[in-house]
1. Suppose every K and R has +1 on its Cβ and every D and E has -1 on its Cβ; what is the size of the dipole of the chain about the Cα centre, in Debye to the nearest 20?
2. Cross-link list K103/K184; K159/K348; K63/K187: which exceed 25 angstrom alpha carbon to alpha carbon?
3. Using the count of nearby Cβ atoms within 10 Å as a rough guide to exposure, how do L145, L139 rank from fewest to most?
4. May I ask you to sort S385, S14, S79 by Cβ crowding, counting other Cβ atoms within 10 Å and putting the fewest first?
5. Report the extension gain between N321 and E289 in nm, rounded to one decimal, defined as 0.36 nm multiplied by the number of residues separating them, less their alpha carbon distance.
6. Quick one: check the C-alpha center-to-center distance for region 32-67 versus region 292-362, whole angstrom.
7. Using 0.36 nm per residue, how much length does the chain from L339 to K29 gain when fully extended, once their Cα-Cα distance is taken away?
8. Above 25 angstrom, tally the Cα pairs of region 14-346 and express them as a % of all pairs, no decimals.
Amino acid sequence: MSYPISLVAEELSSDMKLLLALVRAENSKDVRDLPDELLAGADWHAFVELARHHRVHPYLYAKLKKAEDSRIPPFVVGSFESDFRKNTFLMLQHCGEIATIDKSLADKGIRSIFLKGPLLALDLYGDLSLRTSSDIDMLIPLTKLTEAEMTLTSLGYVKDEYIHTVLNDWKWRHHHTTFYHDQKGIKVELHWRLNPSPSGEPGFERLWHHSRVRTMGSRDVRYLGREDLFMFLVSHGARHGWSRLRWLLDIRQWLLQPIDAPSLLMLLHKHDYVSIGGQAIALASSLFEVPVSRELRELADAPKSRKLAYEAMYYLKRIVNLHTQPLPEDVDRYHKRHLFSLMTWRQKTIFVLSFLYPYPEDAETLPLPKSLHLLYFPLRPFIWSWRKMVGGRQ
């Protein structure tokens with residue numbers, strides 16, 4: 001093994017440095033051995049909110065409770081204890097719901113692969129209570145999407161009709177649809193792709209062939225294979241700027257498990273995730289002091305990987321919630337640039353060309369009969385210009 005990779009992190013806040021130190025602590029003794037100056041100046045109320053924002057509070061609670069460190073105010077552990085109990089109950093509820101959904105789909109001949117949630121917590125942390133998850137993410141073949149949606153509806157879920165489409169652009173511009181169950185308070189994201197275009201990824205059959213099986217409730221369910229899981233985690237985390245430490249903590253936990261480096265590198269090269277994978281390894285190794293093998297260090301030390309890792313530090317120097325719209329103008333501008341920098345040249349080309357493909361807004365601006373929708377291709381530049389001109393006047 002090699003030494004952890006080093007990134008400059010001096011500009012992080014004192015609360016973030018404390019958060020990282022506590023996450024890195026392997027046991028209660030490590031917590032108690034933290035230097036006094038690291039804890040003395042902590043704004044503990046802000047620290048609690050920071051840990052909650054980064055979704056690492058259940059992981060911290062287990063350590064802080066055992067440490068019984070008098071330097072940490074009791075209300076901090078008490079706050080995390082309440083969160084921990086709620087999260088444990090939610091994860092147990094999700095376990096039962098995953099088994100129910102999987103059986104209902106299987107009865108209709110629909111195969112499903114679950115992506116995160118309690119399965120990920122058990123796989124990476126060995127305990128479903130140590131990782132938060134707000135919804136159930138699952139992947140099904142695109143050809144079975146309509147049947148899968150009908151099955152969820154029969155179980156009491158209601159589809160969130162937020163996707164508007166023209167000329168079937170939803171198949172590649174989006175990658176999942178969302179369902180809610182009001183009585184159970186559960187959200188399900190039904191994926192037909194792991195990520196939106198222009199990302200590359202293995203097809204469902206390949207993912208199914210390499211998937212693993214774990215018992216969930218009274219049922220054996222499928223979840224992603226080791227290398228496929230890494231690719232999914234790094235693509236998801238990178239797309240969100242690694243703005244929550246939980247996603248990097250997942251990478252840390254993955255790196256601590258046995259790794260088939262040749263298979264992983266082959267997969268990343270095939271689907272254009274080399275630099276994104278290197279970015280994730282550089283960040284996780286540096287922030288959590290995780291040693292990595294020579295092959296993975298070379299991946300993380302590549303110029304583009306390190307550049308992307310340094311860019312991602314922007315999100316860790318401040319509290320960024322990309323799901324809260326509208327974003328501050330400076331964050332929105334930076335995030336758009338960063339997303340573009342994550343792409344390979346091939347992906348950038350596809351992304352730019354995709355602007356020539358009609359958008360649902362074009363159909364709203366100039367409604368045409370469905371039989372004439374192909375006209376949106378030559379008309380798109382004019383419709384776009386008109387929309388910008390009118391919008392500029394308002």
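Any read-out appearing in this document is the output of simple, stated calculations on the displayed coordinates, not a laboratory observation. Quick caveat: nothing in here was measured; it's all calculated off a predicted structure. Cβ atoms come from the backbone with ideal geometry, glycine included; neighbour counts cover every protein chain shown.
1. In debye, rounded to 20, the chain gives about 700.
2. K159/K348; K63/K187
3. L145, L139
4. S385, S14, S79
5. Using 0.36 nm per residue and subtracting the Cα-Cα distance, I get 9.0 nm.
6. The distance from the Cα centre of region 32-67 to that of region 292-362 comes to 29 Å.
7. Answer, rounded to one decimal: 107.6 nm.
8. Taking all Cα-Cα pairs of region 14-346, the fraction more than 25 Å apart is 55 percent.
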